[in-house]
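Reading through the structure tokens given below for one structure.
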Amino acid sequence: MSKEVPAPVPRLTVITLGVTDIRASIAFYDALGFSRRLKATGEAVAFYDTGGPVLALFPWDQLAADATLPDQPRPTTFRGVTLAWNCRTREEVDAVLAFAVSKGARLLKAACETDYGGYCGYFADPDGHVWEAVVAPGIEVGEDRRVHLAE
């Protein structure tokens, strides 16, 4: 006879990106303006306040080892995951893309109208992690930098 296991409270708290060069990645995310916290970790791991889940940077090979996965071959194509930088206006989307590129990101797709009434574009960080800069109906960004979804 099996007992039903009670469900824990679901939460997404940290997104960790495996990076090739931790120093270069720290410099990139600092330049984007994210606020680094727990600097006492030095270059072992970097944590950033994003206004929501924490963004962490960790050496790729160590992250793979921690998850008991091989670190080779590293994907060179789309990984099926994107990070989003939700914006308040179309102009902010354009500004985010231009700013990210000026700090070393690679523009993947210039901003354009979406089929759902939004406006978005894509850039990749130095390790190829894909970011979407987007403004979308039903998704608002509050003064607290948190995303608020319509009912």
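So the values come out like this:
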item	result
Only listed residue being modelled with pLDDT under 95 and closer than 17 Å to VAL130 by Cα, chosen from THR50, THR41	THR50
Conditions (1) closer than 26 Å to ARG145 by Cα; (2) open to solvent by less than 40 Å² (accessible area, probe 1.4 Å); (3) in contact with a helix residue (DSSP H, G or I) (Cβ under 8 Å, 6 or more places away or on another chain); number of the one not met by ALA56	(3)
Subset tally (residues that are surrounded by 10 or more Cβ atoms within 10 Å (Cβ to Cβ) and polar (S, T, N, Q)) for the stretch 63-83	1
Within the stretch 107-151, strands (runs of 3 or more DSSP E) holding 1 or more residues that are of a type in the set (A, V, I, L, M) and modelled with pLDDT of 95 or more	119-124, 130-135
Count of residues meeting criterion [open to solvent by 80 Å² or more (accessible area, probe 1.4 Å) and touching a strand residue (DSSP E or B) at 6+ places or on another chain (Cβ under 9 Å)] in the stretch 124-144	1
Selected residue (criterion: surrounded by the fewest Cβ atoms within 10 Å (Cβ to Cβ)) from residues of the stretch 98-118 that are aliphatic (A, V, I, L, M) and more than 20 Å from TYR29 (Cα to Cα)	ALA110
GLY121 vs. criteria farther than 21 Å from ALA24 by Cα, touching a strand residue (DSSP E or B) at 6+ places or on another chain (Cβ under 8 Å) and either open to solvent by 40 Å² or more (accessible area, probe 1.4 Å) or of a type outside the set (D, E, K, R) (or both)	yes
Residue within the stretch 90-106 that is part of a loop (DSSP other than H, G, I, E, B), under 20 Å from ILE22 (Cα atoms) and free of Cβ contacts under 8 Å to residues at least 60 places away in the same chain present	no
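The values are calculated or read from the model by the stated rules, or taken from the named source; none is laboratory data. The model shown is predicted, which means the values in this text are computed figures rather than measured ones. No Cβ is skipped: glycine too gets one built from the backbone with ideal geometry, and neighbour counts run over all protein chains shown. With ligands, DNA and RNA removed, areas are computed over all heavy atoms of the protein, side chains included. Shrake-Rupley method; radii C 1.70, N 1.55, O 1.52, S 1.80 Å.
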